[in-house]
Amino acid sequence: MTEQSGGPSLPQERRLVTEIPGPRSRELAARKQAAVAAGVPTVMPVFAQAAGGGVVLDVDGNSFIDFGSGIAVTSVGNSAEAVVRRAGEQLARFTHTCAMIAPYEGYVEVCEELARLTPGDHAKKSVLLNSGAEAVENAVKIARYATGRQAVVVFEHGYHGRTNLTMALTAKDMPYKHGFGPFAPEIYRVPMAYPFRWLTGPENCAEQAAAQVIEKITKEIGTENTAAIVFEPLQGEGGFIEPAKGFLPRIAEFAAAHGIVLVADEIQSGFCRTGQWFACEDEGVVPDLVTTAKGIAGGLPLAAVTGRAELMDAAHVGGLGGTYGGNPVACAAALGAIETMRTLDLPARARRIEEVMKPRLRAMAERFPVIGEVRGRGAMLAVELVKPGTKDPDAATTSAVLAACHRAGLLVLSCGTYGNVLRFLPPLVIGEPLLEEGLDVLEEAFAGV
Ligand code: PLZ
(Lines give C-alpha, C1' and ligand atoms only; values in the text may rest on other atoms or scores of the structure.)
Protein backbone atom coordinates (compact mmCIF):
# COMPACT_ATOMS: atom_id res chain seq x y z
CA MET A 1 0.00 0.00 0.00
CA THR A 2 1.15 3.59 -0.54
CA GLU A 3 2.75 5.49 2.31
CA GLN A 4 0.36 7.58 4.33
CA SER A 5 1.48 10.67 6.19
CA GLY A 6 0.45 10.94 9.82
CA GLY A 7 -0.61 13.77 12.10
CA PRO A 8 -3.99 15.26 12.82
CA SER A 9 -5.23 14.84 9.22
CA LEU A 10 -5.07 11.04 9.33
CA PRO A 11 -8.62 9.55 8.98
CA GLN A 12 -9.96 9.10 12.52
CA GLU A 13 -11.39 5.62 12.20
CA ARG A 14 -10.94 2.00 13.25
CA ARG A 15 -10.48 -0.04 10.09
CA LEU A 16 -9.28 -3.61 9.72
CA VAL A 17 -8.36 -4.68 6.20
CA THR A 18 -6.24 -7.78 6.93
CA GLU A 19 -6.01 -10.32 9.71
CA ILE A 20 -3.87 -9.07 12.64
CA PRO A 21 -0.94 -9.14 12.13
CA GLY A 22 -1.15 -8.65 8.37
CA PRO A 23 1.36 -9.97 5.81
CA ARG A 24 3.63 -6.87 5.79
CA SER A 25 3.80 -6.86 9.61
CA ARG A 26 4.59 -10.60 9.65
CA GLU A 27 7.41 -10.02 7.18
CA LEU A 28 8.83 -7.22 9.34
CA ALA A 29 8.43 -9.32 12.49
CA ALA A 30 10.63 -12.00 10.92
CA ARG A 31 13.26 -9.38 10.09
CA LYS A 32 12.97 -7.97 13.62
CA GLN A 33 13.51 -11.39 15.09
CA ALA A 34 16.71 -11.78 13.08
CA ALA A 35 18.14 -8.29 13.68
CA VAL A 36 16.80 -6.94 16.99
CA ALA A 37 17.85 -8.18 20.43
CA ALA A 38 15.33 -10.64 21.82
CA GLY A 39 15.09 -8.69 25.09
CA VAL A 40 13.20 -5.85 23.37
CA PRO A 41 9.54 -6.87 23.73
CA THR A 42 6.64 -6.29 21.32
CA VAL A 43 3.26 -5.48 22.85
CA MET A 44 1.38 -5.21 19.55
CA PRO A 45 2.19 -7.61 16.72
CA VAL A 46 1.90 -4.87 14.06
CA PHE A 47 4.39 -2.36 12.65
CA ALA A 48 3.45 1.31 12.48
CA GLN A 49 3.34 3.33 9.30
CA ALA A 50 1.65 6.56 10.40
CA ALA A 51 -0.19 7.93 13.44
CA GLY A 52 -2.12 11.01 14.47
CA GLY A 53 -5.07 12.16 16.56
CA GLY A 54 -6.45 9.00 18.11
CA VAL A 55 -5.24 6.39 15.60
CA VAL A 56 -2.19 4.35 14.66
CA LEU A 57 -2.04 3.03 11.08
CA ASP A 58 -0.08 -0.17 10.45
CA VAL A 59 1.96 -1.16 7.39
CA ASP A 60 -0.92 -3.32 6.08
CA GLY A 61 -3.35 -0.40 6.15
CA ASN A 62 -5.14 -1.37 9.40
CA SER A 63 -6.14 1.60 11.53
CA PHE A 64 -6.10 1.08 15.32
CA ILE A 65 -7.75 3.21 17.98
CA ASP A 66 -4.92 4.38 20.22
CA PHE A 67 -5.48 3.90 23.97
CA GLY A 68 -1.73 3.90 24.68
CA SER A 69 -0.11 7.09 23.33
CA GLY A 70 3.21 5.22 23.12
CA ILE A 71 3.06 4.88 26.95
CA ALA A 72 1.65 8.31 27.80
CA VAL A 73 3.92 10.20 25.43
CA THR A 74 1.87 11.55 22.53
CA SER A 75 -0.66 13.37 24.71
CA VAL A 76 -0.89 16.12 22.05
CA GLY A 77 -1.32 13.43 19.36
CA ASN A 78 1.30 12.04 17.00
CA SER A 79 2.96 14.58 14.72
CA ALA A 80 0.88 17.40 16.23
CA GLU A 81 0.89 20.47 14.00
CA ALA A 82 2.84 22.77 16.35
CA VAL A 83 5.34 20.01 17.21
CA VAL A 84 6.07 19.29 13.54
CA ARG A 85 6.24 22.98 12.63
CA ARG A 86 8.58 24.02 15.43
CA ALA A 87 10.77 20.90 15.36
CA GLY A 88 10.91 21.13 11.54
CA GLU A 89 12.07 24.75 11.61
CA GLN A 90 14.72 23.84 14.18
CA LEU A 91 15.86 20.80 12.15
CA ALA A 92 16.57 23.10 9.21
CA ARG A 93 18.43 25.67 11.38
CA PHE A 94 20.74 23.33 13.31
CA THR A 95 20.43 19.88 14.82
CA HIS A 96 23.01 20.02 17.61
CA THR A 97 25.67 22.20 19.12
CA CYS A 98 25.62 20.66 22.62
CA ALA A 99 23.94 22.81 25.25
CA MET A 100 27.14 22.72 27.34
CA ILE A 101 29.21 24.14 24.46
CA ALA A 102 27.12 26.68 22.54
CA PRO A 103 23.73 26.98 24.25
CA TYR A 104 20.58 28.11 22.43
CA GLU A 105 17.35 29.92 23.27
CA GLY A 106 15.06 26.86 23.04
CA TYR A 107 16.76 25.20 26.02
CA VAL A 108 16.28 28.28 28.18
CA GLU A 109 12.69 28.72 27.01
CA VAL A 110 11.78 25.13 27.97
CA CYS A 111 13.29 25.69 31.44
CA GLU A 112 11.30 28.94 31.77
CA GLU A 113 8.10 27.06 30.87
CA LEU A 114 8.92 24.30 33.38
CA ALA A 115 9.37 26.92 36.10
CA ARG A 116 5.96 28.38 35.29
CA LEU A 117 4.07 25.10 34.90
CA THR A 118 5.34 22.80 37.67
CA PRO A 119 3.71 22.99 41.15
CA GLY A 120 4.70 25.75 43.58
CA ASP A 121 5.50 29.42 43.09
CA HIS A 122 9.02 29.38 44.56
CA ALA A 123 12.07 30.23 42.41
CA LYS A 124 12.85 27.22 40.16
CA LYS A 125 15.56 26.07 37.80
CA SER A 126 15.89 23.04 35.51
CA VAL A 127 18.36 20.74 33.80
CA LEU A 128 17.33 19.02 30.54
CA LEU A 129 18.14 15.38 29.74
CA ASN A 130 17.15 12.65 27.28
CA SER A 131 15.07 10.04 29.07
CA GLY A 132 12.96 9.60 32.14
CA ALA A 133 15.51 7.34 33.79
CA GLU A 134 18.23 9.92 33.24
CA ALA A 135 16.05 12.59 34.85
CA VAL A 136 15.45 10.43 37.94
CA GLU A 137 19.19 9.67 38.19
CA ASN A 138 19.94 13.39 38.09
CA ALA A 139 17.30 14.20 40.70
CA VAL A 140 19.02 11.73 43.04
CA LYS A 141 22.45 13.24 42.27
CA ILE A 142 21.14 16.73 43.03
CA ALA A 143 19.38 15.67 46.25
CA ARG A 144 22.48 13.84 47.51
CA TYR A 145 24.79 16.72 46.69
CA ALA A 146 22.51 19.34 48.21
CA THR A 147 21.90 17.44 51.46
CA GLY A 148 25.22 15.66 51.85
CA ARG A 149 23.15 12.54 52.66
CA GLN A 150 23.03 9.20 50.82
CA ALA A 151 19.85 7.24 51.51
CA VAL A 152 17.03 7.32 48.96
CA VAL A 153 13.52 6.16 49.88
CA VAL A 154 11.21 4.68 47.25
CA PHE A 155 7.86 2.90 47.33
CA GLU A 156 6.46 -0.54 46.73
CA HIS A 157 5.08 -0.84 43.17
CA GLY A 158 7.25 2.12 42.11
CA TYR A 159 8.80 2.38 38.65
CA HIS A 160 11.60 4.79 37.78
CA GLY A 161 13.55 3.31 34.84
CA ARG A 162 15.97 0.71 33.51
CA THR A 163 19.43 2.21 34.16
CA ASN A 164 21.43 0.78 37.06
CA LEU A 165 20.38 3.34 39.68
CA THR A 166 16.77 3.46 38.49
CA MET A 167 16.52 -0.36 38.40
CA ALA A 168 17.40 -0.19 42.09
CA LEU A 169 14.65 2.40 42.60
CA THR A 170 12.13 0.27 40.67
CA ALA A 171 10.19 -2.33 42.67
CA LYS A 172 9.43 -5.13 40.23
CA ASP A 173 11.90 -7.93 39.49
CA MET A 174 10.49 -9.37 36.25
CA PRO A 175 11.10 -8.08 33.62
CA TYR A 176 12.94 -4.93 34.73
CA LYS A 177 15.65 -6.12 37.12
CA HIS A 178 15.88 -9.90 36.83
CA GLY A 179 19.48 -11.02 36.37
CA PHE A 180 20.77 -7.46 35.95
CA GLY A 181 22.23 -6.88 39.43
CA PRO A 182 24.15 -5.95 41.48
CA PHE A 183 22.11 -2.82 42.10
CA ALA A 184 23.07 0.53 43.57
CA PRO A 185 23.25 0.68 47.38
CA GLU A 186 21.48 3.01 49.84
CA ILE A 187 18.02 2.51 48.32
CA TYR A 188 15.22 1.73 50.82
CA ARG A 189 11.73 0.58 49.83
CA VAL A 190 8.73 1.50 51.96
CA PRO A 191 5.00 0.65 51.78
CA MET A 192 2.67 2.42 49.36
CA ALA A 193 -0.87 3.34 50.38
CA TYR A 194 -2.57 1.02 47.85
CA PRO A 195 -6.22 1.16 48.91
CA PHE A 196 -7.48 -1.86 46.95
CA ARG A 197 -4.89 -4.18 48.52
CA TRP A 198 -4.49 -2.63 51.98
CA LEU A 199 -4.96 -5.52 54.41
CA THR A 200 -7.09 -3.69 56.95
CA GLY A 201 -9.22 -2.03 54.27
CA PRO A 202 -9.08 1.17 52.22
CA GLU A 203 -10.42 3.44 54.98
CA ASN A 204 -7.33 2.92 57.18
CA CYS A 205 -4.87 2.87 54.32
CA ALA A 206 -3.51 6.44 54.16
CA GLU A 207 -2.91 6.82 57.86
CA GLN A 208 -1.45 3.35 58.48
CA ALA A 209 0.79 3.41 55.42
CA ALA A 210 2.12 6.88 56.29
CA ALA A 211 2.83 5.75 59.86
CA GLN A 212 4.76 2.72 58.57
CA VAL A 213 6.78 4.85 56.15
CA ILE A 214 7.64 7.38 58.83
CA GLU A 215 8.62 4.68 61.32
CA LYS A 216 10.87 2.98 58.78
CA ILE A 217 12.63 6.21 57.86
CA THR A 218 12.97 7.30 61.47
CA LYS A 219 14.00 3.99 63.04
CA GLU A 220 15.71 2.02 60.28
CA ILE A 221 17.16 4.50 57.79
CA GLY A 222 17.56 7.63 59.91
CA THR A 223 16.10 10.97 58.87
CA GLU A 224 19.55 12.53 58.92
CA ASN A 225 20.83 9.93 56.47
CA THR A 226 17.93 10.39 54.08
CA ALA A 227 18.62 12.55 51.03
CA ALA A 228 15.37 12.05 49.14
CA ILE A 229 11.96 10.44 49.01
CA VAL A 230 11.14 9.64 45.37
CA PHE A 231 7.48 8.94 44.56
CA GLU A 232 5.01 8.79 41.66
CA PRO A 233 1.94 10.87 42.57
CA LEU A 234 -0.12 8.34 40.57
CA GLN A 235 1.91 5.16 40.12
CA GLY A 236 2.30 4.07 36.50
CA GLU A 237 3.94 0.75 35.59
CA GLY A 238 3.14 -0.61 39.07
CA GLY A 239 -0.58 -0.62 38.30
CA PHE A 240 -2.02 2.90 38.05
CA ILE A 241 -2.25 3.03 41.82
CA GLU A 242 -3.68 6.22 43.27
CA PRO A 243 -2.21 6.62 46.75
CA ALA A 244 -5.02 6.87 49.33
CA LYS A 245 -5.97 10.53 49.86
CA GLY A 246 -4.00 12.10 52.67
CA PHE A 247 -0.98 9.80 52.30
CA LEU A 248 1.14 12.03 50.04
CA PRO A 249 0.49 15.27 51.97
CA ARG A 250 1.54 13.47 55.18
CA ILE A 251 4.77 12.21 53.54
CA ALA A 252 5.44 15.70 52.12
CA GLU A 253 5.01 17.26 55.54
CA PHE A 254 7.37 14.69 57.11
CA ALA A 255 10.01 15.28 54.40
CA ALA A 256 9.85 19.06 54.88
CA ALA A 257 10.19 18.72 58.65
CA HIS A 258 13.40 16.69 58.28
CA GLY A 259 15.17 18.41 55.38
CA ILE A 260 14.53 15.43 53.07
CA VAL A 261 14.25 16.37 49.39
CA LEU A 262 10.82 15.40 48.09
CA VAL A 263 11.10 14.23 44.48
CA ALA A 264 7.90 13.78 42.45
CA ASP A 265 8.39 11.52 39.45
CA GLU A 266 5.77 12.98 37.08
CA ILE A 267 7.26 11.28 34.03
CA GLN A 268 4.06 9.34 33.29
CA SER A 269 1.48 11.41 35.20
CA GLY A 270 2.63 14.90 34.19
CA PHE A 271 1.76 17.31 31.39
CA CYS A 272 -2.04 17.31 31.54
CA ARG A 273 -2.44 13.51 31.65
CA THR A 274 -4.47 13.34 34.90
CA GLY A 275 -6.64 16.40 34.17
CA GLN A 276 -4.22 18.83 35.78
CA TRP A 277 -0.85 19.99 34.52
CA PHE A 278 0.76 17.77 37.18
CA ALA A 279 -0.76 14.99 39.28
CA CYS A 280 0.70 16.45 42.51
CA GLU A 281 -1.75 19.34 42.22
CA ASP A 282 -4.62 17.00 43.13
CA GLU A 283 -3.76 17.18 46.83
CA GLY A 284 -1.74 20.39 46.70
CA VAL A 285 1.59 18.62 47.22
CA VAL A 286 4.52 20.87 46.27
CA PRO A 287 7.61 18.75 45.65
CA ASP A 288 11.15 20.11 45.95
CA LEU A 289 12.16 18.47 42.66
CA VAL A 290 9.99 17.21 39.79
CA THR A 291 11.11 14.82 37.05
CA THR A 292 9.36 15.04 33.68
CA ALA A 293 9.72 13.30 30.29
CA LYS A 294 7.26 11.45 27.99
CA GLY A 295 4.42 13.97 27.34
CA ILE A 296 6.76 16.96 27.50
CA ALA A 297 7.83 16.89 23.84
CA GLY A 298 5.13 15.17 21.78
CA GLY A 299 7.27 12.08 21.13
CA LEU A 300 10.79 13.46 20.85
CA PRO A 301 13.22 12.36 23.54
CA LEU A 302 13.42 15.03 26.22
CA ALA A 303 13.37 14.92 30.02
CA ALA A 304 13.94 17.37 32.84
CA VAL A 305 14.58 17.86 36.52
CA THR A 306 12.94 21.05 37.77
CA GLY A 307 13.06 22.31 41.32
CA ARG A 308 13.92 24.78 44.02
CA ALA A 309 16.62 27.08 42.66
CA GLU A 310 18.86 26.62 45.72
CA LEU A 311 18.80 22.81 45.31
CA MET A 312 19.27 22.93 41.55
CA ASP A 313 22.22 25.31 41.98
CA ALA A 314 23.95 23.22 44.66
CA ALA A 315 26.11 21.00 42.44
CA HIS A 316 29.45 22.37 41.16
CA VAL A 317 29.76 23.75 37.63
CA GLY A 318 30.24 20.81 35.25
CA GLY A 319 28.49 18.42 37.66
CA LEU A 320 25.35 18.17 35.52
CA GLY A 321 25.06 17.71 31.76
CA GLY A 322 25.42 15.26 28.88
CA THR A 323 26.04 15.38 25.13
CA TYR A 324 22.43 15.42 23.97
CA GLY A 325 20.50 16.66 27.02
CA GLY A 326 18.07 19.36 25.85
CA ASN A 327 18.70 18.71 22.16
CA PRO A 328 17.49 21.75 20.17
CA VAL A 329 15.01 19.78 18.03
CA ALA A 330 13.54 18.11 21.14
CA CYS A 331 13.29 21.53 22.85
CA ALA A 332 11.47 22.99 19.83
CA ALA A 333 9.11 20.01 19.90
CA ALA A 334 8.48 20.58 23.62
CA LEU A 335 7.62 24.23 23.01
CA GLY A 336 5.21 23.06 20.29
CA ALA A 337 3.68 20.46 22.63
CA ILE A 338 3.25 22.99 25.46
CA GLU A 339 1.72 25.48 23.02
CA THR A 340 -0.77 22.77 21.97
CA MET A 341 -1.60 21.90 25.60
CA ARG A 342 -2.40 25.56 26.29
CA THR A 343 -4.28 26.30 23.07
CA LEU A 344 -6.46 23.19 23.25
CA ASP A 345 -6.73 23.28 27.08
CA LEU A 346 -5.62 19.67 27.33
CA PRO A 347 -6.11 19.41 31.11
CA ALA A 348 -9.82 19.98 30.42
CA ARG A 349 -9.72 17.41 27.60
CA ALA A 350 -8.23 14.86 30.01
CA ARG A 351 -11.04 15.55 32.51
CA ARG A 352 -13.60 15.10 29.75
CA ILE A 353 -12.02 11.75 28.81
CA GLU A 354 -12.49 10.64 32.42
CA GLU A 355 -16.13 11.78 32.30
CA VAL A 356 -16.74 9.64 29.22
CA MET A 357 -14.67 6.61 30.21
CA LYS A 358 -15.18 6.14 33.94
CA PRO A 359 -18.94 5.53 33.91
CA ARG A 360 -18.51 3.04 31.08
CA LEU A 361 -15.68 1.25 32.87
CA ARG A 362 -17.79 1.16 36.05
CA ALA A 363 -20.69 -0.32 34.08
CA MET A 364 -18.30 -2.98 32.75
CA ALA A 365 -17.18 -3.70 36.32
CA GLU A 366 -20.86 -4.36 37.20
CA ARG A 367 -21.26 -6.67 34.23
CA PHE A 368 -17.93 -8.52 34.49
CA PRO A 369 -16.99 -9.62 38.03
CA VAL A 370 -13.40 -10.15 36.85
CA ILE A 371 -12.99 -6.36 37.16
CA GLY A 372 -12.07 -5.78 40.79
CA GLU A 373 -11.53 -2.04 40.64
CA VAL A 374 -11.80 0.93 38.28
CA ARG A 375 -9.36 3.72 39.12
CA GLY A 376 -7.21 6.62 37.94
CA ARG A 377 -7.77 10.22 37.00
CA GLY A 378 -8.19 12.13 33.76
CA ALA A 379 -6.84 10.15 30.83
CA MET A 380 -4.76 7.88 33.11
CA LEU A 381 -7.35 5.22 33.91
CA ALA A 382 -7.23 1.50 34.60
CA VAL A 383 -9.12 -1.62 35.62
CA GLU A 384 -7.58 -4.23 37.92
CA LEU A 385 -8.56 -7.83 37.13
CA VAL A 386 -9.10 -10.45 39.85
CA LYS A 387 -10.55 -13.92 40.19
CA PRO A 388 -14.25 -13.12 40.77
CA GLY A 389 -15.18 -12.80 44.41
CA THR A 390 -11.54 -12.57 45.56
CA LYS A 391 -8.61 -10.18 45.23
CA ASP A 392 -6.39 -12.81 43.61
CA PRO A 393 -4.79 -11.17 40.57
CA ASP A 394 -5.94 -12.55 37.22
CA ALA A 395 -3.05 -11.99 34.81
CA ALA A 396 -4.27 -14.65 32.36
CA THR A 397 -7.60 -12.94 31.71
CA THR A 398 -5.76 -9.62 31.47
CA SER A 399 -3.58 -10.99 28.66
CA ALA A 400 -6.58 -12.55 26.94
CA VAL A 401 -8.56 -9.28 26.96
CA LEU A 402 -5.48 -7.42 25.75
CA ALA A 403 -5.01 -9.80 22.82
CA ALA A 404 -8.71 -9.68 21.93
CA CYS A 405 -8.57 -5.85 21.86
CA HIS A 406 -5.51 -5.91 19.63
CA ARG A 407 -7.16 -8.32 17.18
CA ALA A 408 -10.23 -6.06 17.07
CA GLY A 409 -8.27 -2.87 16.34
CA LEU A 410 -7.81 -1.32 19.78
CA LEU A 411 -4.33 -0.59 21.07
CA VAL A 412 -4.28 -1.04 24.87
CA LEU A 413 -1.51 -1.72 27.37
CA SER A 414 -1.29 -3.66 30.60
CA CYS A 415 0.74 -2.96 33.73
CA GLY A 416 0.88 -3.81 37.42
CA THR A 417 3.11 -5.69 39.81
CA TYR A 418 0.85 -8.71 39.23
CA GLY A 419 0.40 -8.11 35.48
CA ASN A 420 -3.35 -7.84 36.02
CA VAL A 421 -4.11 -4.20 35.19
CA LEU A 422 -5.40 -2.88 31.86
CA ARG A 423 -4.46 0.77 31.51
CA PHE A 424 -5.96 3.41 29.27
CA LEU A 425 -3.83 6.34 28.08
CA PRO A 426 -5.53 7.79 25.01
CA PRO A 427 -4.01 10.85 23.33
CA LEU A 428 -5.76 13.83 24.91
CA VAL A 429 -6.82 15.02 21.44
CA ILE A 430 -8.76 11.82 20.66
CA GLY A 431 -12.28 12.42 19.30
CA GLU A 432 -15.23 11.29 21.41
CA PRO A 433 -16.73 8.93 18.82
CA LEU A 434 -13.42 7.06 18.68
CA LEU A 435 -13.22 6.99 22.47
CA GLU A 436 -16.70 5.46 22.67
CA GLU A 437 -15.88 2.97 19.92
CA GLY A 438 -12.71 1.94 21.77
CA LEU A 439 -14.81 1.28 24.87
CA ASP A 440 -17.24 -0.81 22.77
CA VAL A 441 -14.30 -2.93 21.59
CA LEU A 442 -13.08 -3.32 25.17
CA GLU A 443 -16.53 -4.38 26.36
CA GLU A 444 -16.82 -6.96 23.58
CA ALA A 445 -13.37 -8.25 24.47
CA PHE A 446 -14.47 -8.76 28.10
CA ALA A 447 -17.67 -10.45 26.95
CA GLY A 448 -15.67 -12.79 24.72
CA VAL A 449 -13.11 -14.11 27.22
N1 PLZ B 1 9.45 7.12 35.74
C2 PLZ B 1 7.09 7.12 36.37
O3 PLZ B 1 6.69 5.78 33.90
C4 PLZ B 1 8.78 5.13 32.03
C5 PLZ B 1 8.62 2.37 30.77
C6 PLZ B 1 8.30 1.27 29.87
P7 PLZ B 1 12.24 6.35 30.37
N8 PLZ B 1 7.66 4.27 31.95
C9 PLZ B 1 7.55 3.42 30.79
C10 PLZ B 1 9.36 0.23 29.82
O11 PLZ B 1 8.99 -0.95 29.90
O12 PLZ B 1 10.55 0.58 29.69
C13 PLZ B 1 9.01 5.85 33.34
C14 PLZ B 1 7.93 6.14 34.21
C15 PLZ B 1 8.20 6.78 35.42
C16 PLZ B 1 10.48 6.86 34.93
C17 PLZ B 1 10.29 6.23 33.71
C18 PLZ B 1 11.49 5.99 32.84
O19 PLZ B 1 11.41 6.76 31.68
O20 PLZ B 1 12.08 7.54 29.46
O21 PLZ B 1 11.64 5.09 29.86
O22 PLZ B 1 13.65 6.19 30.81
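In segment 358-374 there is no residue that is in contact with a Cys (Cβ under 8 Å, 6 or more places away or on another chain) and either open to solvent by less than 10 Å² (accessible area, probe 1.4 Å) or modelled with pLDDT under 95 (or both). When the criteria are applied in full, Gly372 meets the requirement of being farther than 21 Å from Asp265 by Cβ and either in a helix (DSSP H, G or I) or not assigned by TED's automatic domain parsing to the domain that holds Gly88 (or both). Here Ala304 meets the list (1) closer than 14 Å to Lys125 by Cβ; (2) more than 16 Å from the ligand (Cβ to nearest atom) almost entirely, failing just condition (2). Once segment 298-329 is narrowed to residues that are in contact with a Leu (Cβ under 8 Å, 6 or more places away or on another chain) and closer than 22 Å to Leu425 by Cα, the residue that is surrounded by the fewest Cβ atoms within 10 Å (Cβ to Cβ) is Ala303.
Within segment 283-320, track down each residue that is within 23 Å of the chain's Cα centre (by Cα) and assigned to a loop (DSSP other than H, G, I, E, B). Passing the criteria: Gly284, Val285, Val286, Pro287, Asp288, Ala293, Gly298, Gly299, Leu300, Pro301, Leu302. In segment 148-167, of all residues being hydroxyl-bearing (Ser, Thr, Tyr) and open to solvent by 40 Å² or more (accessible area, probe 1.4 Å), the one that is nearest to the ligand (Cβ to nearest atom) corresponds to Tyr159. Consider segment 394-408 and keep the residues that are among the aliphatic types (A, V, I, L, M) and in a helix (DSSP H, G or I). The one that is most open to solvent (accessible area, probe 1.4 Å) is Ala396. Tell me which residues, restricted to segment 83-95, are within 20 Å of Ala303 (Cβ to Cβ) and either small (Gly, Ala, Ser) or within 16 Å of the ligand (Cβ to nearest atom) (or both). Hit for segment 83-95 is Ala87, nothing else. One residue alone among Ala256, Ala279, Ala227 is without any contact (Cβ under 8 Å) to a residue 60 or more places away in the chain, in the same structural domain as Lys141 (by TED's automatic domain parsing) and of a type in the set (A, V, I, L, M), and that residue is Ala256. Right, Leu114: under 22 Å from the mean Cα position of the chain (by Cα), within 16 Å of the ligand (Cβ to nearest atom), surrounded by 22 or more Cβ atoms within 10 Å (Cβ to Cβ) and not assigned by TED's automatic domain parsing to the domain that holds Arg407 or not? Criteria not met by Leu114. Look at Glu13 and say whether it is open to solvent by 70 Å² or more (accessible area, probe 1.4 Å) and of a type in the set (Asp, Glu). No.
In segment 17-44, the residues that are closer than 21 Å to Gly70 by Cα reach residues that are basic (Lys, Arg) and not in a loop (DSSP other than H, G, I, E, B) with C-beta atoms within less than 7 angstrom, at least six apart or across chains, in these pairs: Ile20/Arg407. Of all residues in segment 409-441, those satisfying the criterion of being open to solvent by 30 Å² or more (accessible area, probe 1.4 Å) and under 21 Å from Arg197 (Cα atoms) are Ser414, Thr417, Tyr418. Restricting the first member to segment 157-169 and to residues that are of a type in the set (D, E, K, R), and the second to residues that are more than 6 Å from the ligand (Cβ to nearest atom) and open to solvent by less than 20 Å² (accessible area, probe 1.4 Å), the beta-carbon pairs closer than 9 Å and six or more apart or on different chains are Arg162/Thr170. Against the list (1) in contact with an Asp or Glu (Cβ under 8 Å, 6 or more places away or on another chain); (2) within 16 Å of the ligand (Cβ to nearest atom); (3) closer than 22 Å to Pro427 by Cβ, the condition Ile338 fails is (2). Any residue that is under 26 Å from Gly284 (Cα atoms), of a type in the set (Lys, Arg) and crowded, with 19+ Cβ neighbours inside 10 Å - is there at least one of those in segment 117-135? Yes: segment 117-135 contains one or more residues that are under 26 Å from Gly284 (Cα atoms), of a type in the set (Lys, Arg) and crowded, with 19+ Cβ neighbours inside 10 Å.
Taken across segment 405-417, residues that are of a type in the set (Val, Ile, Thr), in the same structural domain as Val55 (by TED's automatic domain parsing) and farther than 26 Å from Gly298 by Cβ do occur, with at least one present.
The values are calculated or read from the model by the stated rules, or taken from the named source; none is laboratory data. Computed from a predicted model, the values in this text were never measured in an experiment. Heads up, the Cβs are rebuilt from the backbone with ideal geometry, glycines too, and the neighbour counts pull from every protein chain shown. Note: accessible area is taken over every heavy atom of the protein model, side chains too, but ligands, DNA and RNA are not part of it. Shrake-Rupley method; radii C 1.70, N 1.55, O 1.52, S 1.80 Å.
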